[in-house]
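The values are calculated or read from the model by the stated rules, or taken from the named source; none is laboratory data. As the structure is a computational prediction, the values presented were derived from the model and not from experiment. Note that each Cβ is placed from the backbone with ideal geometry, even for glycine, and that neighbours are counted across all protein chains shown.
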Amino acid sequence: MALSTHIMPKPSDERLKPYTGPNKSCVFCFKAQGTDHLSEDVDELLHGKFYKLEKIITHYFCLLLSSGIAQNGDDNEGILGFLPKDITKELTRSRYLRCTYCKQTGATIECCARRCKKIFHMPCGTKRGSIHHYFSNFQSFCPDHRPPPVLKPKGIQRKEKGGRNTTKCVMCLEEVVMIRNKDVIQAPCCGHCSWFHRLCVQVDYYFIFLENRLSILM
Ligand SMILES: [Zn+2]
Ligand SMILES: [Zn+2]
Ligand SMILES: [Zn+2]
Ligand SMILES: [Zn+2]
Ligand SMILES: [Zn+2]
C-alpha cells in the first residue's frame, strides 16, 4: 500500500489570506456614494482587509457585519467561514435595500436599536460615526443610536485580593482586571460586557480600531 504524500496543512495555513491584488472593489459597499476617499490603511482599519474568493471581493467587516448572513462554514472554508453561496444570497437580498444615507441600493448593515429602520453601507455609516461590535453578535449602531461611551464601567464586579476590580472577559469568560493595560482592552461603548483580554480578540486590527475610538472619546 502506497503511503499518501498528501500533507495536511495547519489550520492557520488553510485560511484564506487577505487579497492584495488590483481592483479592490467591495461587493457590499461599492455602490456607496459620497464617502470619503480613504487611504488604504484607514480603509482597512475601518472596513477590514480585502478578501477574494471566486468572483467575490469584499471588505472583511462589510461581510462580517452584514445583517442577513450567517457563518455556515468552518474558519478555513469560504471567506473566514462565510460560504460563497451565502454571500451571494446576502447580495441578492440587498439588491433592493436602499442606504439611509446615500440612497443607493446594496445596503446590508442594519442598526440594532429597536424600531430603528436605518440600513446602510458600512462606509456610509463609519463616515457618520456608526459603531460596530466585531464580537459576539456583531451588532451595528447607527450614529443616532450609538451607545454613549462608558467611562465608569458598571456591572458585576468584585474586588480582587489586591483591591482591583475584575469582571469577566467577553470572549473567554475568565476573569479580567478592569484596568486598561497592554493585556486588557475595553470597548468604549458597552459597560460591563466590554472588557477583553487582548489575546482573546482574534482580529488584530480590531485593537487598533478600538484604540482609535478610545483616543477620540477620552
Ligand atoms: Zn465594503
Ligand atoms: Zn450608502
Ligand atoms: Zn439606529
Ligand atoms: Zn479572555
Ligand atoms: Zn458596545
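Which ranges mark the strands (runs of 3 or more DSSP E) fully within the range 147-196 that have 2 or more residues being modelled with pLDDT of 65 or more and in contact with a helix residue (DSSP H, G or I) (Cβ under 8 Å, 6 or more places away or on another chain)? Spell out the reasoning first.
Working: elements: 165-168, 175-177, 184-186.
In the range 147-196, 184-186 are the strands (runs of 3 or more DSSP E) which contain 2 or more residues that are modelled with pLDDT of 65 or more and in contact with a helix residue (DSSP H, G or I) (Cβ under 8 Å, 6 or more places away or on another chain).
Just to be sure, is S39 among the hydroxyl-bearing types (S, T, Y), within 18 Å of K85 (Cβ to Cβ) and away from ligand 4 (no atom under 16 Å from the Cβ)? So that I can check it myself, show each step before the final result.
On the way: among the hydroxyl-bearing types (S, T, Y): yes; within 18 Å of K85 (Cβ to Cβ): no; away from ligand 4 (no atom under 16 Å from the Cβ): yes.
It is false that S39 is among the hydroxyl-bearing types (S, T, Y), within 18 Å of K85 (Cβ to Cβ) and away from ligand 4 (no atom under 16 Å from the Cβ).
G34 passes every criterion in (1) among the small types (G, A, S); (2) on the phi > 0 side of the Ramachandran plot; (3) modelled with pLDDT of 95 or more apart from (3). Inspect the range 10-32 for any residue being in contact (Cβ under 8 Å) with a residue 40 or more places away in the chain, over 17 Å from the mean Cα position of the chain (by Cα), surrounded by fewer than 21 Cβ atoms within 10 Å (Cβ to Cβ) and under 29 Å from R146 (Cα atoms) and give the result as yes or no. Within the range 10-32 (the criterion being in contact (Cβ under 8 Å) with a residue 40 or more places away in the chain, over 17 Å from the mean Cα position of the chain (by Cα), surrounded by fewer than 21 Cβ atoms within 10 Å (Cβ to Cβ) and under 29 Å from R146 (Cα atoms)), the answer is yes, since at least one residue qualifies.
List the helices (runs of 4 or more DSSP H) inside the range 39-144, counting only whole elements, that have at least 2 residues being free of Cβ contacts under 8 Å to residues at least 60 places away in the same chain, within 14 Å of ligand 2 (Cβ to nearest atom) and not assigned by TED's automatic domain parsing to the domain that holds S194.
The helices (runs of 4 or more DSSP H) meeting that bar are 122-128.
Of all the listed residues (G48, G129, G78), the sole one being touching a His at 6+ places or on another chain (Cβ under 9 Å) and at positive phi is G48.
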